[in-house]
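Down below is the structure, laid out as structure tokens.
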Amino acid sequence: MVELLPEGEKVVLIAGNWKMFKTVSETAEFCRAFEPPAGVEVVLAPPFTSLAAALGHELDVLAQNVHWDDEGPFTGEVSARMLRELGVAGAIVGHSERRRLFGETDHTVGRRAAHALASGLRVIACVGELEAERERGETDEVLRRQLSVLEPHDGLVVAYEPVWAIGTGKTATPQMAQDAHAFIKSLLDVPVLYGGSVKPDNATELLSQQDVDGALVGGASLAVDQFSAICETAAQLPS
Ligand code: PGA
């Protein structure tokens, strides 16, 4: 279970989302070489097959998805109970790749998050607008709708990931991130991570924003040197 953070202290969380990258041996190699710095919380989300290989190091391991029942006829799904027994600490839910490519809806995201939290897992729930939605001025409306399925919980963290910034090299400006994070927190009082092309060279300005509590890192979490650099940046931020 997640511990409550000391009142008023800004604790930065850096989460690596490996997506469909890294075999068991590649995961073991990464974990041997990677040492999380003090002063920052680091979690890794490898593919299901590599979860066990990432356990036993100084960081929490998260799955990239989790079902809302403990067991049942749901081909291709994995339950919170299964993850807990393995020693997995939590799960990402509602990533835009799952929404866009695999039919995930706000409704299913809400069910996944609620059951995982009730099962004692921590949850990183992803929200974020498409480029066309931002251009039409609908960002707040989209975020409001995506957040409406989530309830505040000590184990819940939201990741704001503007879809147009994921894997594209385009990053929200620090002000855009700050505005979206402040809006999210006005609706749901939980820590909010920024995600979308976070790299060593933009981490400082993004993580320095008042309402940015950490980062969900995709591409740059796959290389030990880049991920270490982002974690070091986070560790050195004034608290
Ligand atoms: P990216 O991915 O850092 O490669 O843009 C972030 C994410 O999808 O979580």
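If you check LEU187 against the conditions, is it touching a residue at least 60 places away in the same chain (Cβ under 8 Å), of a type outside the set (Val, Ile, Thr) and open to solvent by 20 Å² or more (accessible area, probe 1.4 Å)?
So LEU187 fails the test.
When segment 139-176 is examined, which residues are found to be more than 17 Å from HIS95 (Cα to Cα) and more than 13 Å from the ligand (Cβ to nearest atom)?
ASP140, GLU141, GLU151, PRO152, HIS153, ASP154, GLY155, THR173, PRO174, GLN175, MET176
So, LEU216, is that one open to solvent by less than 20 Å² (accessible area, probe 1.4 Å), closer than 21 Å to GLU129 by Cβ, at pLDDT 95 or above and out of contact with any helix residue (DSSP H, G or I) (no Cβ under 9 Å at 6 or more places or on another chain) or not?
Spelling it out, LEU216 is indeed open to solvent by less than 20 Å² (accessible area, probe 1.4 Å), closer than 21 Å to GLU129 by Cβ, at pLDDT 95 or above and out of contact with any helix residue (DSSP H, G or I) (no Cβ under 9 Å at 6 or more places or on another chain).
Of all residues in segment 86-140, how many are open to solvent by less than 10 Å² (accessible area, probe 1.4 Å) and among the aliphatic types (A, V, I, L, M)?
Within segment 86-140, residues that are open to solvent by less than 10 Å² (accessible area, probe 1.4 Å) and among the aliphatic types (A, V, I, L, M) number 12.
Would you please list the contacts, defined by Cβ atoms under 6 Å and residues six or more apart or on different chains, that run from a residue in segment 54-78 that is surrounded by 21 or more Cβ atoms within 10 Å (Cβ to Cβ) to a residue that is among the basic types (Lys, Arg)?
Sorted first by the residue in segment 54-78, then by its partner, the pairs are VAL66/ARG112; TRP68/ARG111; TRP68/ARG112.
Please identify the pairs in which a residue from segment 207-229 that is under 11 Å from GLY195 (Cβ atoms) has its Cβ atom under 6 Å from the Cβ atom of a residue that is more than 14 Å from the ligand (Cβ to nearest atom), counting only partners at least 6 apart or on another chain.
Short answer, once both residue conditions are applied: VAL212/HIS181; GLY214/VAL12.
Could you check segment 55-75 and list, in sequence order, the residues that are over 21 Å from the mean Cα position of the chain (by Cα) and closer than 22 Å to LEU44 by Cβ?
none
Examine segment 124-132 for a residue that is in contact with a helix residue (DSSP H, G or I) (Cβ under 6 Å, 6 or more places away or on another chain), more than 21 Å from VAL217 (Cα to Cα) and at pLDDT 95 or above, and state whether such a residue exists.
no
Looking only at segment 150-170, which residues are in a helix (DSSP H, G or I) and of a type in the set (Gly, Ala, Ser)?
ALA165
Just for segment 196-237: of the residues that are assigned to a strand (DSSP E or B) and of a type in the set (A, V, I, L, M, F, W, C), which one is farthest from the ligand (Cβ to nearest atom)?
ALA215
Given the conditions (1) more than 18 Å from THR105 (Cβ to Cβ); (2) open to solvent by less than 50 Å² (accessible area, probe 1.4 Å), report the number of the one that GLY167 does not fulfil.
Evaluating GLY167 over (1) more than 18 Å from THR105 (Cβ to Cβ); (2) open to solvent by less than 50 Å² (accessible area, probe 1.4 Å) leaves (2) as the failure.
The values are calculated or read from the model by the stated rules, or taken from the named source; none is laboratory data. Remember, predicted model here, so these are calculated numbers, not experimental data. Here Cβ is always computed from backbone atoms with ideal geometry, including for glycine, and neighbour counts include all displayed protein chains. Accessible surface areas use protein heavy atoms only, side chains included; no ligands, DNA or RNA. Shrake-Rupley method; radii C 1.70, N 1.55, O 1.52, S 1.80 Å.
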